[in-house]
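A short worksheet on the structure shown next.
The values are calculated or read from the model by the stated rules, or taken from the named source; none is laboratory data. Predicted model, so just to flag it, every value in this text is computed and none were measured. Cβ coordinates were reconstructed from backbone atoms using ideal geometry, including for glycine residues, and neighbour counts include every protein chain displayed.
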Amino acid sequence: MMNKHFLTIMAAGMIILSATGNAFAEETVGCPHNVGKGKVKIRSKVAFVQAQECYSDEVWKALHDHSPYSIDDDKMVDLPEEWHQSVTQIALGVEYGIVDKLSLGVFFPYVIKDLRRQVWSPAAKKTVWKEIEDDGLADIWLSAKYLVYSESPGLLGLDWEDGLLLALGYKPSISSDEKVKSGIASGGQDFKLVLLSHPHFTEALFLCSDAWYQFRGEVKDIDGFAKSGWDLGDKFGYRAFMGCEFSNHRFVVIGGPQGWLAGGNQERDGSEIEDSSTYSHSIVAKFRWQPYGDEDAGSIDIGVRMPYANKTAFAPVVVPTIGCRIKF
């Protein structure tokens, strides 16, 4: 039965998060845990991304001959004066166990975006300012997750009770044209295959990891949108967190590398868009409070993501996050 006191804490936390405004990149298929037949698991996460760097090509494309960087510099640089981008995402994921080893899920990210930058206007043949202030529901993901392996002791003599899981995610192209044009949604139909694992080395020490491949489809046709018909490059990602529980499993420290890389995009005619491959690699550290000694019984974590290698249009230096989850 759901604990009313913890739900009160969880709700209060989400109110605080909504007020502070945060954005993040949440795992679309959930954690490497089996949900269980007839059980419901709810998770939410919020993080704030305040861009402090951009790719040098973004400056060159906007300023041309007035850019302090050439088209061949290819590096992350400080944001030009008066440029800014902040993105807030408040995400909710819900999973339901239809049988002992199989669960279905849905993931809803809500995005608030504030952007001000310069761009080159081909019509005016000069640099102009572009501003976007928009919010709304971003790309919704549907998923299925299956517990492939669960033994204790198991492989390599480790405790695999939490197991090895395989998940499939699907993102339909249902976002409005306006949300795609403002960059809140991608406008493509995607599939994601994820391998998740959660072995325990000792009663307190564990690994929480995943590796994934994402097929990204073509951007839908939108009048007046430059990216219409683009074939987006596929993405590969990973996470490898070590965790240690203490104080009767009520507190956990977690940390490790997390990142992704994406192939280059193509125009509608199949021609490669120059220098469009991207990547982002970070170190993540989190502190988790699980008052009942079990993550699924109710938990709240506070974390920070620290990127150390980026090739993206905009990038933060540090990303604070907070999340909570409960199963009943």
Is there a residue in segment 253-268 that is of a type in the set (Val, Ile, Thr), within 30 Å of Val35 (Cα to Cα) and more than 16 Å from the chain's Cα centre (by Cα)? yes
Which one of Leu164, Leu168 is under 30 Å from Leu205 (Cα atoms), out of contact with any Asp or Glu (no Cβ under 7 Å at 6 or more places or on another chain) and exposed (fewer than 15 other Cβ atoms within 10 Å of the Cβ)? Leu168
Inspect all residues belonging to segment 258-276 and state whether any of them is modelled with pLDDT of 95 or more, in a strand (DSSP E or B) and surrounded by fewer than 15 Cβ atoms within 10 Å (Cβ to Cβ). no
So in segment 97-130, with the set limited to residues that are small (Gly, Ala, Ser) and surrounded by fewer than 17 Cβ atoms within 10 Å (Cβ to Cβ), which one is nearest to Trp83 (Cα to Cα)? Ser121
Could you check segment 34-91 and list, in sequence order, the residues that are of a type in the set (Ser, Thr, Tyr) and not in a loop (DSSP other than H, G, I, E, B)? Ser44, Tyr55, Ser56, Ser86, Thr88
Tell me which residues, restricted to segment 131-161, are closer than 16 Å to Val194 by Cα and either buried (at least 16 other Cβ atoms within 10 Å of the Cβ) or among the acidic types (Asp, Glu) (or both). Trp141, Ser143, Ala144, Lys145, Leu147
Some residue of segment 278-294 being in a strand (DSSP E or B), of a type in the set (A, V, I, L, M, F, W, C) and more than 18 Å from the chain's Cα centre (by Cα): yes
Those residues that are more than 15 Å from the chain's Cα centre (by Cα) and farther than 23 Å from Asp275 by Cβ, I need them from segment 206-236; list them, please. Phe206, Leu207, Cys208, Lys220, Asp221, Ile222, Asp223, Gly224
Restricting to segment 63-94, name every residue that is more than 26 Å from Asp135 (Cα to Cα) and either of a type in the set (Phe, Trp, Tyr) or without any contact (Cβ under 8 Å) to a residue 24 or more places away in the chain (or both). Asp65, Ser67, Pro68, Tyr69, Ser70, Ile71, Asp72, Asp73, Lys75
Looking at segment 50-71, can you tell me whether even one residue there is modelled with pLDDT of 95 or more, of a type in the set (A, V, I, L, M) and crowded, with 21+ Cβ neighbours inside 10 Å? yes
Residues being closer than 19 Å to Lys220 by Cβ and among the aromatic types (Phe, Trp, Tyr) - total across segment 153-209: 2
